[in-house]
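Where a number appears in this text, it was derived from the coordinates with a stated rule and is not lab data. Not measured: the values here are computed from a predicted model. Cβ coordinates were reconstructed from backbone atoms using ideal geometry, including for glycine residues, and neighbour counts include every protein chain displayed.
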Amino acid sequence: MKFKNRKKDGFSIIEVMVSFVIIIIIVLLIGPNLFSTYERSKEMSKVSDASAIVNAIDMHNLNRFIEGEIEAVSDTLTMSEFRKINEQYKYLNNWPKWITDSMTLKDIKDIANSSGNKNIISKAIDNRV
C-alpha cells in the first residue's frame, strides 16, 4: 500500500501559537510607549489651553490699562468670576472643558508655565472631555 504525501491546507496549531506569541510580545513592547505618548499629548493640549487663557487675561489687563484703570486682575480671581468678564468682552471664544469654576488664575498660570502643582495638573487632565 502506497501512502500519498498530501500537502495540508492551512496552518498547524504550533504555527498559530508562535504567531500569537510574537504579536503579544510586540504589543507589550510598544503599548506603554503609545499610552505615555497619548497622556503627554493630553497634557500639552491642556498647557496650550491654559496659555490661551493667560493671553486672554493679559488682553483684559491691557484693555483696562488703556481705559485708565491701572489695577490688573488679581491672581486670586476664580475662573467663574473671569467667565463673567469674558461674557462681557469675549476674550475667549471657546472655553476649555477641563477648567473648573473654583480654579484661580494662579492655577491656570502655573499650568501654562508647566510649573504647577502636579495635583492640579492631573485633576485638569481628568476633567478634560
Least to most buried among 101, 49, 75 (fewest other Cβ within 10 Å first): 101, 75, 49
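Taking neighbour counts of Cβ atoms within 10 Å as a proxy for exposure, in what order, fewest first, do 64, 40, 83 appear? Mind showing how you got there, number by number?
Working: 64 16, 40 10, 83 13.
The most exposed by this proxy come first: 40, 83, 64.
Count neighbours as other Cβ atoms within 10 Å of each site's Cβ, and list the GluC sites (Glu not before Pro) in region 41-113 that are DSSP loop with at most 15 such neighbours.
Values: sites: 43, 67, 69, 71, 81, 87; in loops: 67, 69, 71.
Qualifying residues, ordered by number: 67, 69, 71.
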